[in-house]
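Shown next, in structure tokens, is the structure this report addresses.
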Amino acid sequence: MPIHPGPSVLVCSLIFRLAHQLLQRLPVPKVVKQDAFRSWKWKNLSVSMVHSVLTGIWALTCVVVWPETLSDIHSYHTPLSYLLVCVSTGYFVHDATDIILSGHAKGSWEFLLHHALVRQYASDSGAVIALFVEVNSVTLHLRLMLKLASAQSSTLYYVNKLTNLFTYVMFRLTTQFYLTWFIIHNYSWLDHGGYFLVSMMVMNIMILIYFYRLLRADFFPRSCAGQNGMHNNNTKKFISD
């Protein structure tokens, strides 16, 4: 395995930047074009969708082919899993840069914090398992893009919100709690175990808060103005990874 992944991460980041430019050529809903924030968020989510589809399938494939990934989280590596981590880290670098340079860092601080925390497993197979959450991110991104397009009343949104609930529990909550269990169970011999445990607990709190927001928004909506979150508090802190 390469000792210094910096060049690989940089190349992957540039590839996602290129994808960002190419995706801008695709048609965009008229309602999205009319609002500057919606327009930026649509472009940002488009790249995120590509990342989620790619890395979610990739992570699942790694575990199916090499089941040792699940049990030897601390030290198991394969060339394919290493490349996956480089690709995903490159995306996070691109996304963080896009958020900061576009001037949306203040309203997206949760995403920047999340990006920083999930990098804690960047050198081992824990990152591969952590990327299971990207399966759920596909439905999360689709949900948000439909909201940006004001399509909350569509059949697609209804089907997606049920699928999103399932994938949130199956791939996001289950994955997070498995990683937390592993750290607690092996705390005595893990290097920097305290840091990992604190980071995971912060992530757990964030994910449970997001889950509460998701349930409240899609299954227990309040009859108040701005429920769709398009203009209040920077789109009500869109749920995303």
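The values are calculated or read from the model by the stated rules, or taken from the named source; none is laboratory data. Bear in mind that the values here come from a model prediction, so they are computed numbers and not experimental data. Neighbour counts run over all protein chains shown; Cβ positions are idealised from the backbone, glycine included. Heads up: the accessible areas ignore ligands, DNA and RNA and are worked out on the full protein's heavy atoms, side chains in. Shrake-Rupley method; radii C 1.70, N 1.55, O 1.52, S 1.80 Å.
Would you mind checking which residues have amide H under 5 Å from S125's amide H? H placed 1.01 Å from N; only 5 or more apart, or other chain.
For S125, whose amide H was placed from the backbone, the distant partners under 5 Å are S75, Y76.
Quick one: pull the percent of accessible area on the range 5-218 belonging to carbon and sulfur, 1.4 Å probe, ligands and nucleic acids left out. Show your work: numbers first, answer last.
On the way: 7230 of 10010 Å².
Answer for the range 5-218: carbon and sulfur cover 72 percent of the accessible area.
Assuming 0.36 nm per residue, please report the length gained on full extension of the stretch F219 to M206 beyond their Cα-Cα distance. Write out the running numbers ahead of the final one.
Working: separation 13, 0.36 × 13 = 4.68 nm, distance 1.95 nm.
Residue separation times 0.36 nm, minus the Cα-Cα distance, leaves 2.7 nm.
Counting only Cα, what are the radius of gyration and maximum Cα-Cα distance Dmax of the range 1-48, in Å?
My reading of the Cα-based Rg and Dmax gives 14.7, 48 Å.
If you plug each phi of the range 73-81 into the Karplus form 6.51 cos²θ - 1.76 cosθ + 1.60 with θ = phi - 60°, what whole-Hz ³J(HN,Hα) values come out, in order, with x for Gly and Pro?
Listing the rounded values in order: 4, 5, 9, 6, 9, 9, x, 5, 5 Hz.
Placing unit charges on C-beta atoms (Lys and Arg positive, Asp and Glu negative, everything else neutral), compute the dipole magnitude of the range 5-218 about its Cα centre in debye, rounded to 20.
Values: 15 positive and 10 negative charges, 221 e Å.
Approximately 1060 debye in magnitude.
Once label points are set 7 Å from the Cα along Cα→Cβ at both L80 and N186, what is their separation, rounded to one decimal in nm?
Label at L80, label at N186, 2.1 nm between them.
What is the distance, in nm, between label points placed 7 Å from the Cα along the Cα-to-Cβ direction at V64 and at S153?
About 4.0 nm separates the two model spin labels.
Looking at Y76, P29, I15, which one has the Cα that reaches farthest to the positive end of the dipole of the range 5-218 (charges on Cβ: Lys, Arg +1; Asp, Glu -1)?
Positive-most Cα among the choices belongs to P29.
I need the Debye-formula profile for the range 5-218: one equal scatterer per C-alpha, no solvent, reported as log10 I(q)/I(0) at q = 0.10, 0.12, 0.18, 0.19 1/Å, two decimals.
-0.45, -0.65, -1.46, -1.58
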